[in-house]
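Data block below; observations after.
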Amino acid sequence: MKLFNEPSPLETKIISFRFGLENSASIDTYLAHDGYKALRKALEISPDDIINELKASNLRGRGGAGFPTGMKWSFVPRASEKPKYIVVNADESEPGTCKDRLLIQHDPHQLIEGCLIGALAVGAKKGWIYIRGEYNYLIHIMDKAIAEAYKNGYLGKNICGTDFEFDLYTHTGAGAYECGEESALLESLEGKRGVPRIRPPFPAISGAFQSPTLLNNVETFSSVPAILRMGGQAYADLGVPRSGGTRLVCMSGHVNKPGVYEVPLGFPLMKFVNEIGGGVWKGRALKAIIPGGSSSPLLKAEECDIPMDYDSIAKAGSMLGSGGLMVMDETTDMVKVALRIMRFYQHESCGWCIPCREGTTWLKKMLQRVSDGHGQTRDIDLIGDLAQNMMGRTFCPLGDAAAMPTIAIVKKYRNEFEEYVARNPFASPELVSIA
Amino acid sequence: MTFSPELEAKFADLVTHYPEGRQRAALIPMLMFGQEEVGSITPEFMEEVAKRLGLNTMQVDEVVGYYSMLHKKGMGKYHVQVCTNVACMLRGGAELYDHACHKLGLGHKEVSADGVISLEEVECMGACSWAPAIQVNYDFHHEVTTEQLDTILEGLKK
Ligand SMILES: Cc1cc2nc3c(=O)[nH]c(=O)nc-3n(C[C@H](O)[C@H](O)[C@H](O)COP(=O)(O)O)c2cc1C
Ligand code: SF4
Ligand code: FES
């Protein structure tokens, strides 16, 4: 299948090496390129051995939170009498993120194999891939791959001639960012509004249909076959301590060669932008980078000389998040960016809890007011304070996701907000020049 | 209410995907796939789905109200969705949307008088690295310029 962007020679292709092969989505291509080898290996070792490989790999969740995957898998009570389920989060809707789409489009069998290994590790017999509604064409690709896997004995009963059985289905979403949040996703899977659940219990204990559920992002599951093939330690060594392996980074915005590229964790951020991305477009200077989707606080150009791994980015005050890296050049209007981000969160707030529902609504109104040229100096302070007051006070992390980038933008680019206010002839006196 | 044999087969298959007694889980897929045939989420359609899944219409209605892709009001035969979220905005998504508004004489979620085209400003659609992006129904178009948008829109009128 056609690639949307040219690959870069600087990539380390571990989970994307089949992208661009002829008929890469077909089981024949998959089998000809190491396909289902990891499953055969997993069938020979114990569930604990699988989980230990994952722990050794230092794989961390690629959906946003970066939770250690091996540890998550070990939380599922294998001995429970309830059925265990696998749920794949393919809701991909964090602004800036467009990698899970490629993983399904180019290599659906890799995801199926990852699910099968997860099922072996936790004792699951059924699973669902929850795909956002807009990705309708991926449902067809995935359904076709699932049908091929059944036909070839990789799904259904007696998988690979053993007594292992597993059924896998696609499930469509219907347009809601909040349904990417794991507990809201489970509500949605059960046919309800995507309102999150209180935790604990976490999905590992009580997830889909109130049963123990292993829920991971598409890329997380897709990384599992490579880990079993090469061994957990070898995979970990590709990255840096505490951030194992590679990940797909989605580069967008003001760069010459935007695209999705696979790099080891710890890859230098500026090298990524300048050498893989071909640098900032139009010969302009870099202003800021949003490193991990719109929820992650932006980094000013001078803060960007860091490696891309979970800990380094956290130390710089942001998050590696979903891998949605947005580059902004010197002409970018930060008030407009803050407003657009808040319009998104206000639209997507599920409305369940007041700090988020009201907070995002008021923040949007205030940012709109500043952007329209009617802002006052006190609005700038109020925007910062209100966002700060949402932090940690909402029912699910969407509230934080809305507040964090806002706090960062107001703090780092306060001067731009002040310039908007200064242009307002009716602004509070302290900023209007008398002359 | 009757559906095409293909849709009936799809519905029959869907309910087998979920654990016994949990057939409500088929609700959102049924609404999504059914909407393509029915055109929108009509009261009769909601009643029919509710009946089949052992729910009351209110339970279906509250679900429909939550999801942005479930439309009670029919959209055009070609539903043009323009993303203006940050990655697209940085590469001209907002201007592209304005251009579409002027060109079509439509605003957000409005349908042309002949019912052929509707327009919607949408959130990130997962095409950020190939921005600005639009979707016409389920078809993606990447790195769309205003000229290309014109060509795409002209093509829809035929
Ligand atoms: C508002 C919100 C939206 C989210 N959207 C997604 C998403 O689209 N895809 C995803 O994989 N995880 C998303 N997450 C993270 C999930 O809740 C969950 O942590 C993740 O799917 C777990 O998988 P992982 O450990 O493999 O990353 C979202 C979280 C929040 C709070
Ligand atoms: S923070 Fe509250 S209102 Fe916002 S999405 Fe989560 S539960 Fe809903
Ligand atoms: S921001 Fe437009 S597709 Fe992601």
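Taken along the Cα-to-beta-carbon direction at a fixed 7 Å, the label points for A:R378 and A:L3 span 5.7 nm.
To the nearest 20 debye, what charge dipole does the range A:27-238 have about its Cα centre, counting +1 at the Cβ of each Lys and Arg and -1 at the Cβ of each Asp and Glu?
Working: 23 positive and 26 negative charges, 68 e Å.
So the dipole magnitude of the range A:27-238 works out to roughly 320 debye.
Among the protein heavy atoms of the range A:27-238, carbon and sulfur supply 53% of the accessible surface, probe 1.4 Å, non-protein parts ignored. Solvent-accessible surface of the range B:5-66, taken per residue with a 1.4 Å probe and all protein chains present: 46 Å².
Taking the charge dipole of chain B about its Cα centre, with +1 at Lys and Arg Cβ atoms and -1 at Asp and Glu Cβ atoms, the residue from B:V60, B:A133, B:P19 reaching farthest to the positive side is B:P19.
When shorter helices are ignored and each DSSP H run of at least 4 residues is given -39500 (n - 2.57), the per-residue value for the protein assembly as shown at 222 nm works out to -12500 deg cm²/dmol.
Under a 5 Å amide H cut-off, with hydrogens placed 1.01 Å from N, A:L299 pairs with A:I289, A:I290 among residues at least 5 apart or on other chains. With all protein chains kept in place, the per residue accessible area of chain A amounts to 36 square angstrom at a probe of 1.4 angstrom. Rounded to the nearest Hz, the phi-derived 3J(HN,Hα) couplings of the range A:142-159 under the Karplus curve 6.51 cos²θ - 1.76 cosθ + 1.60 (θ = phi - 60°) are 5, 4, 5, 5, 4, 4, 4, 5, 4, 4, 9, x, 9, 9, x, 8, 6, 5, where x marks glycine and proline.
Counting only protein heavy atoms and using a 1.4 Å probe, what share of the accessible area of the range A:334-422 belongs to carbon plus sulfur, as a whole percent?
On the way: 1980 of 3700 Å².
Ligands and nucleic acids excluded, carbon and sulfur reach 54 percent.
Per residue, the solvent-accessible area of the range B:78-157 (1.4 Å probe, heavy atoms of protein chains only, all protein chains present) comes to 37 Å². When chain A is treated as a GNM, springs tying every alpha-carbon pair under 10 Å, which of A:G127, A:G384, A:G175 comes out with the largest mean-square fluctuation? Looking only at A:G127, A:G384, A:G175, the biggest GNM fluctuation is shown by A:G175.
Working note: Karplus 6.51/-1.76/1.60 with θ = phi - 60° gives the range A:238-247 the couplings 5, x, 10, x, 6, 9, x, x, 10, 8 Hz, where Gly and Pro are set to x. Taking amide H as placed 1.01 Å from N in the peptide plane, the amide H of A:T246 sits under 5 Å from that of A:L265, each at least 5 places away or on another chain. Proximity of backbone amide H atoms, modeled 1.01 Å from N, is registered between A:D329 and A:H254, A:K287 at under 5 Å, excluding neighbours fewer than 5 places apart on the same chain. The accessible-area loss of the range A:77-125 on complex formation, taken against its chain alone with a 1.4 Å probe, reaches 30 Å² or more at A:P95, A:C98, A:R101. Across the range A:168-179, computed HN-Hα scalar couplings (Karplus, 6.51 cos²θ - 1.76 cosθ + 1.60, θ = phi - 60°) run 10, 9, 8, 9, 8, x, 9, x, 5, 4, 4, 6 Hz from first to last residue, x flagging Gly and Pro.
Only the Cβ atoms of Lys and Arg (+1) and of Asp and Glu (-1) were treated as charged; on that basis the dipole of chain B about its Cα centre amounts to roughly 200 debye.
How big is the gap, in Å, between the Cα center of the range A:273-330 and the Cα center of the range A:91-133? Measuring centre to centre over Cα atoms gives 26 Å.
Label sites at A:E418 and A:K13, each approximated as a point 7 angstrom past Cα along Cα to Cβ, lie 5.0 nm apart. Built from the Cα atoms of the range A:136-267, the convex hull projects on average onto 11.5 nm², one quarter of its surface area.
Note: relative contact order over the range A:258-401, using C-alpha pairs below 8 Å and six or more positions apart, is 20 percent. Label sites at A:Y137 and A:E190, each approximated as a point 7 angstrom past Cα along Cα to Cβ, lie 3.5 nm apart. Our Cα-only numbers for the protein assembly as shown put the radius of gyration and Dmax at 23.7, 86 Å. Leaving ligands and nucleic acids aside, the B/A contact buries around 4200 square angstrom of accessible area in total at a 1.4 Å probe radius. The antiparallel fraction among DSSP beta bridges confined to the protein assembly as shown stands at about 50%.
About its Cα centre, the dipole of the protein assembly as shown is roughly 780 debye, where the only charges are +1 on Lys and Arg Cβ and -1 on Asp and Glu Cβ.
What is the calculated FRET efficiency for B:T16 to B:V116, with r their C-beta to C-beta distance and R₀ = 45 Å, to the nearest 0.05? Display every interim value, and only then the final one.
On the way: r = 37 Å, r/R0 = 0.83.
Efficiency for this residue pair is about 0.75.
Is the shape of the range B:5-66 rounded, prolate or oblate, going by the alpha carbon gyration tensor and its root eigenvalues a ≥ b ≥ c, with a/c under 1.5 for rounded and a/b larger than b/c for prolate?
Numbers: a/c = 1.81, a/b = 1.12, b/c = 1.61.
The shape class here is oblate.
The values are calculated or read from the model by the stated rules, or taken from the named source; none is laboratory data. Just so you know, these numbers come straight off a predicted model, no measurement behind them. We place every Cβ from the backbone using ideal geometry, glycine too, and count neighbours over all the protein chains shown. The area values use the complete protein model at the heavy-atom level, side chains included, leaving out ligands, DNA and RNA. Shrake-Rupley method; radii C 1.70, N 1.55, O 1.52, S 1.80 Å.
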